[in-house]
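Here the structure comes first, spelled out in structure tokens, and everything after it is commentary.
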Amino acid sequence: MKIECCICGELIDEIRSNNARPVEEGRCCAKCNTDYVIPARFELLRKSEDEVGSAAQLAKVWGSPMTILHKDAQPVSLKGLQSEHHNCIDCGYNTFPGAPPRELAEFQLNRDGTSPITFTDECEVYMVREAVWKAAGMEPYGGCLCIGCLEKRIGRKLKRKDFRRDHSFNDPRLPCTDRLRDRRDGE
Ligand SMILES: [Zn+2]
Ligand SMILES: [Zn+2]
């Protein structure tokens with residue numbers, strides 16, 4: 001059955017829709033889920049941690065198990081939200097050693113409601129603007145690229161403005177490699 005995404009209004013298959021809370025009451029498309037709902041949930045997680053008061057910094061929040069705040073009745077699927085694994089598809093570098101590959105993450109989410117992820121100094125987890133990803137010949141969630149291989153594909157060094165400032169993956173407080181920090185938080 002087709003329904004309207006409660007955020008952008010696009011017609012989508014109900015069976016493939018997502019719980020849009022806390023952004024809206026209703027169901028939303030995969031794109032809105034990725035662009036708004038997931039970041040909003042992370043934002044909530046972060047806020048709840050801030051309210052506890054202490055300097056339990058973001059690294060600690062991210063280091064603690066990721067909790068799905070609103071459990072959907074249908075099994076959790078991360079298809080279209082997370083690539084199969086986090087290895088750079090060009091050189092094989094694991095860009096997110098602290099996170100399980102998709103299948104394992106789904107298994108954990110369905111069994112426990114949580115899937116632990118940790119950001120480390122080896123992380124190259126980021127979100128660049130669509131145009132940059134496209135220029136690299138990549139599909140959304142078509143896999144991961146390390147910073148070196150992404151730069152090789154687009155033929156230039158990444159700049160601060162290539163990164164989506166509104167995305168929680170680009171939070172300057174998250175641990176990452178020196179070269180990602182240099183690009184993401186630099187000029
Ligand atoms: Zn939508
Ligand atoms: Zn690479």
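Read the figures in this text as sums done on the coordinates, not as results from a lab. These figures come from a predicted structure and were not determined experimentally. Cβ atoms come from the backbone with ideal geometry, glycine included; neighbour counts cover every protein chain shown.
Using the structure shown, list the pairs from Lys134/Lys161; Lys31/Lys134; Lys2/Lys134 with a Cα-Cα distance above 23 Å, or answer none.
Pairs exceeding 23 Å: Lys2/Lys134.
Using R₀ = 25 Å, calculate the FRET efficiency as 1/(1 + (r/R₀)^6) where r is the Cβ-Cβ separation of Asp171 and Ala131; round to 0.05.
It comes to 0.70.
May I ask you to compute the full-extension gain from Leu104 to Glu43, defined as 0.36 nm times their residue separation minus their alpha-carbon distance, rounded to one decimal in nm?
19.6 nm
What is the gain in length, in nm to one decimal, between Asp13 and Arg156 on full extension, counting 0.36 nm per residue of separation less the C-alpha to C-alpha distance? Mind showing how you got there, number by number?
Values: separation 143, 0.36 × 143 = 51.48 nm, distance 3.94 nm.
Net length gain for the segment: 47.5 nm.
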